[in-house]
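The values are calculated or read from the model by the stated rules, or taken from the named source; none is laboratory data. This one's a predicted model, so the numbers in the text were calculated from it and none came from an experiment. Neighbour counts are summed over all protein chains in view; Cβ atoms, including those assigned to glycine, are modelled from backbone coordinates with ideal geometry.
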Amino acid sequence: MLAIDLSGRRALVAGVADDGGFGFAIAKALAEAGASVSVGTWPPALTIFMNLLERGKMDESRRLNSGKLLEFEKIYPLDAAYDTYDAMPEELRTSKRYKDVGDCSIAGLAQRLTSDFGDKPLDVVVHSLANGPEVKKPLLETSRDGYLAALSASAFSLVSMVQRFAPLMRDGGSFVSLTYLASERVVPGYGGGMSSAKAALESDTRTLAFEAGRKYGVRINTISAGPLASRAASAIGIIEKMVEYVSVNAPLTQKLEAAEVGTVAAFLSSSLASGITGNTVYVDKGYHAMGMAVSAPAP
Ligand SMILES: NC(=O)c1ccc[n+]([C@@H]2O[C@H](COP(=O)([O-])OP(=O)(O)OC[C@H]3O[C@@H](n4cnc5c(N)ncnc54)[C@H](O)[C@@H]3O)[C@@H](O)[C@H]2O)c1
């Protein structure tokens, strides 16, 4: 049997704070394939996440095929909008959710990984995070600060992670991120520069695949996922409508499950995908292929 085998591999999934999003589903799929999985969690969501875990609220979704519960090797605080601790404003560092977590920048996480696991601690990195403070505003009404914040947290964060984590990866290392069709087609309501951030993420996936492929031998791909009513997506305000629209108009009409993205991420992270890099892989029930709404009148 051809199996996805990640045994002996270590994965870091950045952007997990509950069991409802793609990051959790990817972490679970990687664990099902045998990887040990650590997560990076945004400090404002860390306490709630730890509480959910400790109180057993996620036990059902943590259940693996073996019957055991998904265990995270480490849960690291991570604010991917900052490359170094020095770049974090003092006001933020000393704020309620940050004051006890220490250096939660991307460089800080790289440092923690090497002190916990040695010089080459990683095989798989998943970037499953995004943030656009003005996502509800059309691009036409988005401020410069809102636009740059979306690009910083949602796109440059990948560049920074590749800069700092690629040197820590063993042979066959893989990066996977999550993107959305609004990068290349207009999705009204996906605003605040988030569409621009996803376009940058996809373009950077290609350039980084070349640069980091040549320098470190790693692969870099992005999954263009269909809409899912995760916590982050609920902030957009129209996610239920987007999910419904896709299920009416996509080639496959069942609603996308996060686990379907999880298994593709596990495949892309495995040696079975050793020939795939610089790709945007659609996991969206085929919706990207459509050129006309099914409900529209025939021409
Ligand atoms: N849900 C969808 O419809 C959809 C569709 C396509 C792509 N995506 C992408 O999937 C990825 C995961 O999102 P999701 O929808 O599964 O939601 P999610 O809420 O599970 O994940 C988003 C995570 O990003 C974290 N985050 C936000 N700002 C951060 C920062 N500065 N540093 C570190 N972490 C930060 C949040 O705490 C959260 O855990 C995102 O890149 C998103 O754009 C989502």
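Please list, ordered by first then second residue, the pairs with beta carbon atoms under 6 Å, 6 or more apart or interchain, first in the range 198-226 and of a type in the set (Lys, Arg), second outside any helix (DSSP H, G or I).
That search, which allows pairs on different chains as well, returns 198/179; 198/180; 206/278; 219/174; 219/277.
Quick one: which residue in 102, 67 is farther than 25 Å from residue 158 by Cα and at pLDDT 95 or above?
Answer to the check: 67.
Only one of (1) surrounded by fewer than 17 Cβ atoms within 10 Å (Cβ to Cβ); (2) away from the ligand (no atom under 11 Å from the Cβ) is not met by residue 48, so which one is it?
Among (1) surrounded by fewer than 17 Cβ atoms within 10 Å (Cβ to Cβ); (2) away from the ligand (no atom under 11 Å from the Cβ), the lone unmet condition for residue 48 is (2).
Say we look at the range 82-122 and pick out the residues that are touching a Ser or Thr at 6+ places or on another chain (Cβ under 7 Å) and touching a residue at least 60 places away in the same chain (Cβ under 8 Å); which of these is nearest to residue 6 (Cα to Cα)?
121
Which number in (1) in a helix (DSSP H, G or I); (2) free of Cβ contacts under 8 Å to residues at least 40 places away in the same chain; (3) within 24 Å of residue 96 (Cβ to Cβ) marks the one condition that residue 46 misses?
Every condition holds for residue 46 apart from (2).
Going through the range 139-193 one residue at a time, which ones are surrounded by fewer than 24 Cβ atoms within 10 Å (Cβ to Cβ), closer than 20 Å to residue 237 by Cα and of a type in the set (S, T, N, Q)?
142, 143, 183 - these are the residues of the range 139-193 that are surrounded by fewer than 24 Cβ atoms within 10 Å (Cβ to Cβ), closer than 20 Å to residue 237 by Cα and of a type in the set (S, T, N, Q).
Please count how many residues of the range 118-139 are closer than 11 Å to residue 12 by Cβ and of a type outside the set (S, T, N, Q).
The total comes to 7.
Is one or more of the residues making up the range 108-117 under 22 Å from residue 164 (Cα atoms), within 14 Å of the ligand (Cβ to nearest atom), touching a Pro at 6+ places or on another chain (Cβ under 7 Å) and of a type in the set (S, T, N, Q)?
no
Can residue 124 be described as assigned to a strand (DSSP E or B) and crowded, with 20+ Cβ neighbours inside 10 Å?
For residue 124, the condition - assigned to a strand (DSSP E or B) and crowded, with 20+ Cβ neighbours inside 10 Å - is met.
Which one of 13, 37 is of a type outside the set (Ser, Thr, Tyr), part of a strand (DSSP E or B) and away from the ligand (no atom under 13 Å from the Cβ)?
Only one candidate qualifies: 37.
Search the range 207-236 for residues being within 16 Å of the ligand (Cβ to nearest atom) and polar (S, T, N, Q), and hand back the single one that is surrounded by the fewest Cβ atoms within 10 Å (Cβ to Cβ).
Filtering the range 207-236 for residues that are within 16 Å of the ligand (Cβ to nearest atom) and polar (S, T, N, Q), the one surrounded by the fewest Cβ atoms within 10 Å (Cβ to Cβ) comes out as 234.
May I ask you to say which residue of 87, 25 is within 15 Å of the ligand (Cβ to nearest atom), surrounded by fewer than 18 Cβ atoms within 10 Å (Cβ to Cβ) and among the small types (Gly, Ala, Ser)?
87
Filter the range 176-190 for residues that are within 13 Å of the ligand (Cβ to nearest atom) and at negative phi and give the result.
176, 177, 178, 179, 180, 181, 182, 183, 184, 185, 187, 190
Right, residue 101: within 16 Å of the ligand (Cβ to nearest atom) and either of a type in the set (Lys, Arg) or surrounded by fewer than 24 Cβ atoms within 10 Å (Cβ to Cβ) (or both) or not?
Judged against the criteria, residue 101 is a match.
So, in the range 237-255, of the ones that are in a loop (DSSP other than H, G, I, E, B) and away from the ligand (no atom under 13 Å from the Cβ), which residue ends up surrounded by the most Cβ atoms within 10 Å (Cβ to Cβ)?
Ranking the qualifying residues of the range 237-255, first place goes to 250.
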